[in-house]
1. Taking 8 Å as the Cα distance limit and 6 or more residues as the minimum spacing, I'd like the relative contact order of region 108-199 as a percentage.
2. When each pair of different Cα atoms in the chain is counted once in the 1/r mean, what is the Kirkwood radius in angstroms, to one decimal?
3. So, with a 1.4 angstrom probe, what is the percent of accessible area on region 148-244 that is carbon and sulfur?
4. Over the Cα atoms of region 79-221, each weighted equally, I'd like the Debye log10 I(q)/I(0) at q = 0.14, 0.16, 0.20 Å⁻¹, rounded to two decimals.
5. In bins 10 Å wide, starting from 0, what share of all Cα pairs of region 34-100 does each bin hold, as a percent?
6. Under a point-charge model restricted to the Cβ atoms of Lys and Arg (+1) and Asp and Glu (-1), what is the dipole moment magnitude of the chain relative to its Cα centre, in debye to the nearest 20?
7. Which order do 192, 174 take when ranked by solvent-accessible area (1.4 Å probe, heavy atoms of all protein chains), largest first?
8. Output the relative contact order of region 66-130, whole-number percent, from Cα pairs under 8 angstrom with separation of 6+ residues.
Amino acid sequence: MPWKRNQSLKAQGSRLKGKAAASHLQPRASSPKPFVVTIDGPAGVGKSTVAKLLAQRLGVMYLDTGATYRSLAFAAVRGDLNPITDRSRLAVLARRLRLVLQPTPEGGLRVRLDGVDITTHIRTEEVSEAAAQVSQYPEIRAAMVRLQRRLARRAWTDPRNGMIRRGVVVEGRDTGSVVFPQAPYKFFLDADPEVRARRRQQELERLYGSRPPLAQVREQLHFRDGLDRHRRVGPLVKPAGAIAVNTTHRGAVQIVRLMLTYIHQRKSVSSK
Ligand code: DC
């Protein structure tokens, strides 16, 4: 278990503080291949929090692939398309999606579709449900994968200091297995289903101002897990070479510290 082996490097990782750690890993601006770290896992394991924090520490962009499926689902709902039956029109929509993901100074992303800010609109239950459905179709996944690779390759301006950056920490379900199978650093997060349901419940409470019943959230997560794990194309799997991290009893800061330790260790081995 490579992850277990690296546990002993915890202390070393905690010494790699913020900017010093990040500058060591800065991709060169002219690099044709982007620096990519992939983080996959089911809903509610804390991928977004960890990915944002890790991207900040590395000085690269945070890329949320779920936002691309959610934006397509939002466009489908807005256009009165049925996310299950209007398959060919959904595929056309997917290929034409005019999506802009803009990094925020806080390390998140603003999502713009056709110039309109839809950042919060894509988090509703209606859109979550539609996203789970549209992401089942291979032709839609192919269009989204192309879009995600394009987004990862582009240079972007760091909103905190105006510097031009390349490289991404990308999170989703198939980022290490399909979107960036050659990524040098891959992680797979998982957690106890009960903890995941409670995290999702809190997220929904923040969004709607009231707490949905835990049993309902648990059932929805279970249903979407089934869709994610059993689809024919791009199912949720632990990618080959990925480091598994159980987040049930670990906070984001601790997980990111372990990830940085692993990345720096690999980096120094491969540069020898
Ligand atoms: O991570 P999320 O909940 O924002 O993802 C939204 C939906 O998109 C979810 O149903 C899973 C799907 N998705 C996917 O199929 N592949 C990805 N790489 C990312 C998300």
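1. With pairs under 8 Å counted, the relative contact order is 12 percent.
2. About 19.1 Å, per the Kirkwood formula over Cα pairs.
3. 52
4. Summing over Cα pairs of region 79-221 leads to -0.89, -1.17, -1.52.
5. 18, 38, 29, 15, 1
6. 1320
7. Descending order: 192, 174.
8. 36
The values are calculated or read from the model by the stated rules, or taken from the named source; none is laboratory data. Bear in mind the structure is a predicted one, so any value in this text is a computation, not a measurement. Cβ atoms come from the backbone with ideal geometry, glycine included; neighbour counts cover every protein chain shown. With ligands, DNA and RNA removed, areas are computed over all heavy atoms of the protein, side chains included. Shrake-Rupley method; radii C 1.70, N 1.55, O 1.52, S 1.80 Å.
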